[in-house]
Amino acid sequence: MREHHGIKESEYWHHRALQVIPGGVSSPVRAFAAVGGTPRYFVRGVGSRVFDIDGNEYIDLIGSWGPMILGHAHPEVVRKVTESAALSSSFGAPSPNEVLLAEEIIRRVRCVEKVRFVSSGTEAVMTAVRLARAATGRNIIVKFAGCYHGHSDALLVQAGSGVVTLGLPNSPGVTQGQTQDTVVLPYNDVDAVVAFFAERGHEIAAVLTEAVPANMGVVPPKDGFNALLSRLCHDSNALLILDEVMTGFRVSSGGWWHLVHETEQWTPDLFTYGKVIGGGYPVAAVAGSAKVMDLLAPLGSVYQAGTLSGNPVATAAGLTTLQLCDDSLYDRLNQRAKEVSSVISSALNREGVAHQLQSAGNLFSFFFTDSPVFSFTDATKQDTEAFSAFFRAMLDNGVSLPPSAFEAWFVSGAHTDADIEQIAAAAAIAAKAAAATGKTL
Ligand SMILES: *Cc1c(COP(=O)(O)O)cnc(C)c1O
């Protein structure tokens, strides 16, 4: 086990950050509010490893929440980004990289015909919602409790991710007017969805769902759930927006839909992408059929814009990343995900710590509870104290996990056999720490 020499520098930087940045962080889940302790200040990453400013080394299982699918500072990505940056960081005018990236996405996802780039997943979903309302002339958006679709006003209702971690059911500053057309239903609840469509199907602009919810921990759709959503939308002339910001190009070469469409036979009307398609830079996208996408300005009247959208450096990073995401990479990710989850599960079992391993392709998470999780209500029943103890011990032993019991874990193509062994060794200690919080099988 590597030696840790303390976190004095991280504490110093966090102290400074707290004076000038609310909570010291640029995005809430990065604060250790839910797990306790001081966030590490990272200065370098290479492959599967990240290094804090104190000189400690960690195996990274956050991967920037998904984008670092190849590991940190992949030499080819660094080369393309550096070359592109030297040619100018931004033109505010068209450039070839965005065309190449759009073509790459379309090549991978058969039913996508057009792509519009934005800079964050939040914007991508905002745009998809606006498009759906314009295309249908209707107002209501159906979303599911525990699904996170970014922080736009209308969607910040029973959202997952940081909203859950920090125990904020909704957000002040969001008016009733902004959310009155958002209807939240329980995830995986067929009866609730069927009943709502029966009552108000003709008012629904779109159903918005994560392809696989992974912002309340990983909660796979029950068999047929997404297909049902697609059928109900189709029958009511509403659109299905599949949010693949997390799953897109991570769980397979084309994302979740690509992985399942041959067996499940359903197709969404719009997709949203982000995370992996930027390879660690701010790129996200809304994508779909030409018919719907061409409603966007300048062809159509649905307005949408962005100063840095399709940025040449960011799209170079995304394009290079996707080009390196070949079949052998996805095989490796699946294998690593299995290895990491099985060493963690074994360690927890040895100490009698109640847990559920839930996964969808190479995305997985652990719920510290003894019953399977199908919905947000189920997810909130877990023992977050046991998770926090587990998290802190993993960090002290050189493994950086998402600092929340409600987040997926991320493997990369750079994780090695040695990493798996080290994760197993850390988990043996962390499972004891979790067991010591009291609640066991
Ligand atoms: C991360 C995420 C978003 C928001 O993306 P940002 O780039 O953080 O704005 C939206 N939807 C899903 C499913 C996500 O995982």
Inset, instruction - Assess whether T247 counts as being in a strand (DSSP E or B), hydroxyl-bearing (S, T, Y) and within 15 Å of the ligand (Cβ to nearest atom). - result: no
Inset, instruction - Working only within region 265-278, note down all residues that are more than 13 Å from the ligand (Cβ to nearest atom), at pLDDT 95 or above and either surrounded by fewer than 24 Cβ atoms within 10 Å (Cβ to Cβ) or more than 26 Å from D223 (Cβ to Cβ) (or both). - result: W266, T267
Inset, instruction - Check region 214-223 and report whether any residue there is without any contact (Cβ under 8 Å) to a residue 60 or more places away in the chain and more than 15 Å from the ligand (Cβ to nearest atom). - result: yes
Inset, instruction - Quick one: in region 351-394, of everything that is touching a residue at least 24 places away in the same chain (Cβ under 8 Å) and β-branched (V, I, T), which residue is farthest from T209 (Cα to Cα)? - result: V353
Inset, instruction - For region 97-111, name all the residues that are in a helix (DSSP H, G or I) and charged (D, E, K, R). - result: E98, E103, E104, R107, R108
Legend entry - Meets criteria (among the small types (G, A, S) and within 16 Å of the ligand (Cβ to nearest atom)) for G352: no
Legend entry - Pairs where the first residue, in region 180-199, is on the phi > 0 side of the Ramachandran plot and of a type outside the set (F, W, Y) and the second is part of a loop (DSSP other than H, G, I, E, B) and surrounded by 13 or more Cβ atoms within 10 Å (Cβ to Cβ), C-beta under 7 Å, 6+ apart: N188/P221; N188/K222; N188/F374; N188/S375
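Matching residues to (1) touching a strand residue (DSSP E or B) at 6+ places or on another chain (Cβ under 6 Å); (2) of a type outside the set (A, V, I, L, M):
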position: P220; (1), (2): yes, yes
position: D223; (1), (2): no, yes
position: L232; (1), (2): no, no
position: N237; (1), (2): no, yes
position: L240; (1), (2): yes, no
position: E244; (1), (2): yes, yes
Legend entry - Members of region 154-172 found to be modelled with pLDDT of 70 or more, away from the ligand (no atom under 12 Å from the Cβ) and surrounded by 18 or more Cβ atoms within 10 Å (Cβ to Cβ), listed by number: A154, V157, Q158
Inset, instruction - Among what's in region 169-216 and is in a loop (DSSP other than H, G, I, E, B) and of a type in the set (S, T, Y), pick the residue that is farthest from F376 (Cα to Cα). - result: T175
Legend entry - Selection within region 388-441 - over 24 Å from the mean Cα position of the chain (by Cα) and closer than 22 Å to V219 by Cβ: A434, K439, L441
Legend entry - Members of region 279-294 that are surrounded by fewer than 18 Cβ atoms within 10 Å (Cβ to Cβ) and either modelled with pLDDT under 95 or farther than 30 Å from L324 by Cβ (or both): K291, D294
Inset, instruction - Please state which one of A227, A238, A206, A211 is touching a helix residue (DSSP H, G or I) at 6+ places or on another chain (Cβ under 9 Å) and within 14 Å of the ligand (Cβ to nearest atom). - result: A211
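Residue-by-condition table, conditions (1) more than 23 Å from T247 (Cα to Cα); (2) buried (at least 18 other Cβ atoms within 10 Å of the Cβ); (3) of a type outside the set (G, A, S):
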| site | (1), (2), (3) |
| --- | --- |
| S346 | yes, no, no |
| R350 | yes, no, yes |
| Q356 | no, yes, yes |
| N362 | no, yes, yes |
| S365 | no, yes, no |
| T369 | yes, yes, yes |
| V373 | no, yes, yes |
| D383 | yes, yes, yes |
| F387 | yes, yes, yes |
Legend entry - Of residues in region 117-153 being surrounded by 22 or more Cβ atoms within 10 Å (Cβ to Cβ) and assigned to a strand (DSSP E or B), the one nearest to the ligand (Cβ to nearest atom): V118
Inset, instruction - Scan region 67-75 and give yes if some residue there is within 16 Å of the ligand (Cβ to nearest atom), part of a helix (DSSP H, G or I) and hydrophobic (A, V, I, L, M, F, W, C), otherwise no. - result: no
Legend entry - Count of residues meeting criterion [at negative phi and surrounded by fewer than 20 Cβ atoms within 10 Å (Cβ to Cβ)] in region 63-79: 4
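For residues that are over 16 Å from V340 (Cα atoms) and within 16 Å of the ligand (Cβ to nearest atom), tally how many sit in region 47-65.
At the first step, the residues of region 47-65 found to be over 16 Å from V340 (Cα atoms) are 47, 50-57, 64-65.
From what is left, the residues that are within 16 Å of the ligand (Cβ to nearest atom) are 64-65.
The total comes to 2.
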Inset, instruction - Test N334 against the criterion of being surrounded by 17 or more Cβ atoms within 10 Å (Cβ to Cβ) and either within 18 Å of S119 (Cβ to Cβ) or of a type in the set (S, T, N, Q) (or both), and give yes or no. - result: no
Inset, instruction - Would you check if F366 is aromatic (F, W, Y), closer than 14 Å to A430 by Cβ, outside any helix (DSSP H, G or I) and under 22 Å from the mean Cα position of the chain (by Cα)? - result: yes
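The values are calculated or read from the model by the stated rules, or taken from the named source; none is laboratory data. Bear in mind that the values here come from a model prediction, so they are computed numbers and not experimental data. Here Cβ is always computed from backbone atoms with ideal geometry, including for glycine, and neighbour counts include all displayed protein chains.
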